[in-house]
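Take a look at the structure below.
The values are calculated or read from the model by the stated rules, or taken from the named source; none is laboratory data. Here the structure is a predicted model, which is why all the values come from computation and not from measurement. Here the Cβ positions follow ideal geometry from the backbone for every residue, glycine too, while neighbour counts run over all protein chains shown.
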Amino acid sequence: MSRADLSRRAFTAGLCGCGLMGLGACTAHQTGSAYDLADATPGYRPDPKTDEAGIWQSLDKVEAEMRTAGNRVRDKAINDYMTDILCRLASSYCPDLRTYVLRIPSFNAGMYPNGMTAINTGLLLRARSESQVAAVLGHEFGHFRRRHSLARMRDMRVKSDIVTVLSVGVAAAGVPGAGGINNSLMLGANATVLAFSREHEREADSIGFEVMAAAGYDPFEAGAIWKRLMDIEEASEEDNRPDVFTSTHPLPEEREETLRKKAEALGRPALAAPNRLHEIIAPIRGLMLADEVNLGTFKRSEKLFDLLIADGFNIGEVLYHKGELYRRRNREGDEALALGFYHQAVEARGAPPEALRQVGMVRWRRGDREAAREYLRRYLNAKPDAFDRDMIQSYLKGA
Amino acid sequence: MEPWRIVAVALLGVLLCGCATESYFTSDSLNRAQGKPRILVLPADVQLYELSLGGMLEPNAEWTQSARSSVNQALTAQLAKMNVSFVAYAPPPEDSPEFLEVDQVQRLNRAVGSTIQAFHFSKPNRLPSKHDRFDWSLGPSAAILRRAGEADYALFVVMSDSYSSPGRQVFRVLTAAAIGYLPPGGVQQGYASLVDLKTGEVVWFNRLQRGGGELRSAEPAAETVAQLLDKMPK
């Protein structure tokens, strides 16, 4: 037997030994299976000797930064409201959860294993109702209760262990085309990791649906939020359809359909679902709309604004920002369209005084000075402490 | 010995040799005009990971907990040997405006620390406007720490370390025996940064990066801290 044969055998035997002891014996911290995890129970904390404690500890550090983050929304009413929705959904887990509303215009929320719950303003702006917010938070609660983060970490560890051992095995055996085989191994393992993640998303959707319906929210809104997001996405000219093979989440169509069918089986709740969303986010909605305009995703933002106009809450505010969307794009004819939206905004409920200013400024540029001054005067009357008061008054002089 | 084995051993040698730190400074001595310089030591930011067989870095809670306390103890002990006064950091109450201000300076320091590493340590990335000078500052906001701690300088320490899991250790040995390639083990890296609280200037910045070192227990942690502070201005 050659020396190479001997070392190959030793290698295989050694790693099999490690495998036989259970992969748990391969790590210094205590670990366990990725695939049969019990639910987190209320008040649960992992043993400090475990891999799970490592996840918690690094998240505690993230949370400490989140507490003092500059983009954290500190409005007490909004934070209390989010905690209230969360507690309706999570009931006995409520004391374990801590809410952070973050000023980030993309649609997202996350409930992490240590109880830190982050909610983007982009979710609050896009949701049509409290039930839609509850559907998303319920989904996140599903990840939390089922300890999906831990399961994913263990799943990735086991699979990367196997792929690593196999690829060295392939190299040691001197198989021709080893590089190609190893790439395929890696791709294959990656696909199973993602499939596992999609399984988790389905499970979280299902738990989210149960808890939101049990809390008295409208179950039809669980599918409806996905429909709404798909409508916004379809308005985009870019082709950013997720791929079935490489996606971490199931396709939105699948999620919408599954959730809609569950709602049809269940029916509407006997009592009207609570819906305080619009009143409570009102103080920051102007800011959220401005952040949306700043994203520079014209088609998607326009679609979202049209949906918000159809919802009918404080339409003037949305029309003003729709005008801003056009003015900022500044293509041929956009200024005239923007002027139209500013005019509509002024006539509608909830428009900020800035809508009056924009009518005035656009009319001024177009040479219609008399009408411009009229609107600028109205702007200063509506907002006597405007930061640009002196500049606006310079337009009014010489009238 | 076959050539690839020589390469592997050489690489290991580089990782384990004493040339693990790289330092830049604006002055090689501390300002001792008013007696012993007072140095405010911010709690070291320490994170330890376990390197899984397949190469994943997993945060390890027990190790990190113990390393945080041994690194902080070693820092105090090491500074005592350097004839400087040590000022412990007493954080303001968490809901006070001072807490947010101090927090902002710490965030700024992390941002400046990663910028220094990206744009000074990496020579091809050096900014033309800096003319190769080591010239970085936290600006006047650093003075907040001076008020908080009655100190002349602040010392920031950031360390991370990773260690092969038992599975990885077996895998490394067996892989080296079978195909002659030694898969990488854990890496210790971090930096110490000394800031003049009067001006906000980063007086000294030392980066440590090596395959050796041990932070899980007190004695070897003191060795790492000694390495880290070895070139600090005296």
Mind listing whichever residues of the range B:38-50 are under 18 Å from B:S217 (Cβ atoms) and touching a Lys or Arg at 6+ places or on another chain (Cβ under 9 Å)?
B:A44, B:V46, B:Q47, B:L48, B:E50
Leading residue by the ranking (farthest from B:V87 (Cα to Cα)) among those in the range B:51-68 that are more than 9 Å from every other protein chain (Cβ to nearest Cβ) and in contact with a Lys or Arg (Cβ under 7 Å, 6 or more places away or on another chain):
B:L51
Collect the residues in the range A:298-322 that are assigned to a helix (DSSP H, G or I) and closer than 14 Å to A:G350 by Cβ, keeping them in residue-number order.
A:F305, A:L308, A:I309, A:D311, A:I315, A:G316, A:E317, A:V318, A:L319, A:Y320, A:H321, A:K322
Within the range A:48-153, considering only strands (runs of 3 or more DSSP E) that don't extend past its boundaries, which have at least 2 residues that are surrounded by fewer than 21 Cβ atoms within 10 Å (Cβ to Cβ) and either away from every other protein chain (no Cβ under 14 Å) or modelled with pLDDT of 95 or more (or both)?
A:98-102, A:109-111
Going through the range B:104-114 in order, the residues found to be under 19 Å from the mean Cα position of the chain (by Cα), of a type outside the set (K, R) and either assigned to a loop (DSSP other than H, G, I, E, B) or surrounded by 14 or more Cβ atoms within 10 Å (Cβ to Cβ) (or both) are B:V105, B:Q106, B:L108, B:N109, B:V112, B:G113
Return the pair list, or none, for Cβ contacts closer than 7 Å from residues in the range A:255-278 that are touching a residue at least 24 places away in the same chain (Cβ under 8 Å) to residues that are among the hydrophobic types (A, V, I, L, M, F, W, C) and in a loop (DSSP other than H, G, I, E, B), at least 6 apart or on different chains.
A:L277/A:A127; A:H278/A:F313
I need every pair where a residue in the range B:217-234 that is at pLDDT 90 or above has its Cβ under 8 Å from the Cβ of a residue that is loosely packed, with under 15 Cβ neighbours inside 10 Å and charged (D, E, K, R), sequence separation at least 6 or different chains.
B:P233/B:D28
Within the range B:83-139, which residues are closer than 21 Å to B:S23 by Cβ and within 12 Å of another protein chain (Cβ to nearest Cβ)?
B:R110
Looking for something more than 23 Å from A:L308 (Cβ to Cβ), modelled with pLDDT of 95 or more, under 39 Å from the mean Cα position of the chain (by Cα) and assigned to a helix (DSSP H, G or I) - is there at least one such residue anywhere in the range A:360-367?
yes
Among the candidates B:G139, B:G186, B:G167, single out the residue that is touching a Gly at 6+ places or on another chain (Cβ under 9 Å) and at positive phi.
B:G139
Residue list for the range A:154-183, restricted to those being among the charged types (D, E, K, R) and more than 10 Å from every other protein chain (Cβ to nearest Cβ):
A:D155
Only one of A:A336, A:A351 is assigned to a loop (DSSP other than H, G, I, E, B) and on the phi < 0 side of the Ramachandran plot. Can you tell me which?
A:A351
